[in-house]
Each structure stands twice: as structure tokens, then as C-alpha cells.
Amino acid sequence: MLESPTRFEWIRGIGFAVAMGLPLLLSYFVDKPQTLAFVALGAMFALRLDPRHGTGQQVIAIVGGMSLMIASGTLGVLLVGHRELAIAALVLIAYLAGQPKPEQAYLSLLGKFTAAAMLLAEMGLPATANTALAYFSGSMLALCISLVMARFTCSDPQSWSPAQELRQLMAGDINGPLFGLTLPLTILAATLTGLLLHAQHPAWVGLTVLFVMHVNDASTWKRLRQRIVGTLLGVVIAYLMVLWIPFTFYPPIIITLALFIPTTVRQSYLWFSQLISVLVLLVIDIAMVHKGGDLQLIRWRFFDTLIGCLWVAIALLLLRFGKRWWPARL
């Protein structure tokens, strides 16, 4: 069970709710649902990257991080139709994303977001100049809100220092080539499996690997179980909401759920997986409202997760076997 949110979690939760809620509430007055949905997603991603300590670090981390994501998405667009080059770029970016250790929270998350942006764009999800501008606008909104929140909170004991993490990375404090190569190859195998099974959006399969796979075997097995259960519950809840609740109620529901992002991030990966699945699927459905919504994506989401988690399990078994033959530092 989740404990009651702390004062800090309430303040951060309000920040998430405002950052995501403002653009979505505008959808009542401006008929640009896709653009406003991507503004909300950009704000959510930016707040997840927020180091929560030091104005200078917040500005650099959020602006730099979102700019890198947009650049990676642009690369994905340029590689559409050039599958061999796209695979090479994916292997390189995912290899780099797999180098930061779990305790290097900012770089680890940024690497995953960057690889995800390239993968989603190359797979054909909406990635235009308008989308990039919407994401960046959302990140700027999130930055402003984060700077305001900092005035009402003390320094977060779990805050990140991107500069310190970068120094650690440059000093060689990394996961090493064994995990670095296993991650992109597993993403590639999972994505190709999604294509062979005619998944609506095979990129979701690769994203599951990217966000679930962890260098710590025990932690990864636990996260696998929590991800499957949390995503299943999230998909079922989102599906029922999209099926039965009118579109006009989505923004207040999303605002309410966003309040609890910081609480679930800190306390339970299972609850976070469930919450973020509902949030993302509802926001995507808003973006697809002029196309009748996207119930088909929601139906596929859980099956994509199962495929991705199956490949993570296979990769973990191979990693465990490989570590017997590779030097420990690898």
C-alpha cells in the first residue's frame, strides 16, 4: 500500500498537475488537441528530468535534455525509410543510454528518453516541427513551474546533480560494454518481434525493454513483475475510461492522476507503471480525438509489454551466463 504523500510530494504533484493540466484545459477552447496533448507530454517528461536542486542545474538539465530528445526525434524522422541506418543509430544511442548506472538518475533517464524519441519517430508516430515545438513549449512551462515550486520546498534529499553524474561517467563509472551491447540488441530483437507479430506500434515493444531492463538482475526481475501487473491494470482502466467516459472529462482526470506521480515514483514501481500507463494512454487518446481516438493502441499496449518483458527475461538469462566468461568490470 502507498503511504500518504509527504508535503514535498504534494507540492511536486501540484506541479505535475498544473504543467499537464493547463494545456489540456485549453482543449476546451482551442481545437488543437494533438498539439496540446504533446505540450502536456513535454511538460511531464521535463518534470521527470528535473534535478530538483539548483536553478542553474534545473535550467540546463531541462532545456538541454528536451533539446537532445527533440534532436533524437529529428534523427528518427530523417531515418524513416532507411531501416539499416535506423538500426545502426538505435544500437549506438541505446548503447550510450545503457552506460549510466541506476544511481546516475538524470543521465540514466535522459538516455532512455533520448533513445525513445528516436525509436518512436522512426516508427512513424507523429514527429513534425509542430510536435517538436509543442514538446519544447511544454518543457519551458514545466521549467517555470519547477522554479516556482523550488521556492516552497527545501532541497530534495533525492535530488540529482547532472554535473556530478557527468563527471562520474567521464571518469569511467559506467555499466560497461556487456550491458551496453545487450540493451540495444534486446530492443532490436523485441522490436522486430513486434513487427513480425504485426503489432500496431512495434515501438512500444522496444520501449518496454528500454525502461524495464536494469543492470541489477534482482532489481530487474522485480521490476518485470511490477511492470506487467501495473501495465495490465493501467491498460484495463484506460480502456474502460476511453470506452465509457466522455472525452470532456479527460483533462480533470489526468490532472488528478498527475498529482500522484511523485508519490508513486518514490514508493512503488507497480503503482507508477499503472498510473503512467493510464496517463499516457489518455493523453494519446486526446491527441487522436479527430481520428476517433485510439482504442486499438490501448488493446495492443499490454501485449507489447508482454513481448518486451519476455525479451528482457531472455536477455537477463544470457547476461547471467555471459558474466561467467566476461571480466567483472565488463
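The values are calculated or read from the model by the stated rules, or taken from the named source; none is laboratory data. This structure is a prediction, so every number in the text was calculated from the model and none was measured. All Cβ positions, even for glycine, are placed from backbone atoms using ideal geometry, and neighbour counts span all protein chains on display. Note: accessible area is taken over every heavy atom of the protein model, side chains too, but ligands, DNA and RNA are not part of it. Shrake-Rupley method; radii C 1.70, N 1.55, O 1.52, S 1.80 Å.
Some notes on this structure:
- Whether a residue is open to solvent by 60 Å² or more (accessible area, probe 1.4 Å) and among the hydroxyl-bearing types (Ser, Thr, Tyr) was assessed, and TYR95 passes this test.
- Whichever residue in the range 265-279 is among the hydroxyl-bearing types (Ser, Thr, Tyr) and within 15 Å of the chain's Cα centre (by Cα) and, among such residues, is nearest to ILE254 (Cα to Cα): SER277
- Close contacts from the range 98-109, counting a first residue that is under 12 Å from LEU169 (Cα atoms) and a second that is of a type in the set (Val, Ile, Thr), with Cβ to Cβ under 6 Å and a gap of 6+ residues or different chains, come to GLN99/ILE174.
- Filter pass, GLY21 being in a helix (DSSP H, G or I), under 21 Å from ARG266 (Cα atoms) and open to solvent by less than 20 Å² (accessible area, probe 1.4 Å): no
- The condition of being touching a helix residue (DSSP H, G or I) at 6+ places or on another chain (Cβ under 7 Å) and without any contact (Cβ under 8 Å) to a residue 12 or more places away in the chain holds for LEU26.
- Residues of the range 98-123 that turn out to be part of a loop (DSSP other than H, G, I, E, B) and either within 14 Å of GLU165 (Cβ to Cβ) or open to solvent by 20 Å² or more (accessible area, probe 1.4 Å) (or both), as a count: 7
- Test: residue in the range 40-60 that is over 20 Å from SER159 (Cα atoms), assigned to a helix (DSSP H, G or I) and open to solvent by 20 Å² or more (accessible area, probe 1.4 Å): no
- Scanning the range 228-279 for residues that are part of a loop (DSSP other than H, G, I, E, B) and in contact with a helix residue (DSSP H, G or I) (Cβ under 8 Å, 6 or more places away or on another chain) yields ILE245, LEU259, PHE260, SER268.
- Odd one out for GLY64 among (1) more than 19 Å from GLU165 (Cβ to Cβ); (2) open to solvent by 30 Å² or more (accessible area, probe 1.4 Å); (3) part of a helix (DSSP H, G or I): (1)
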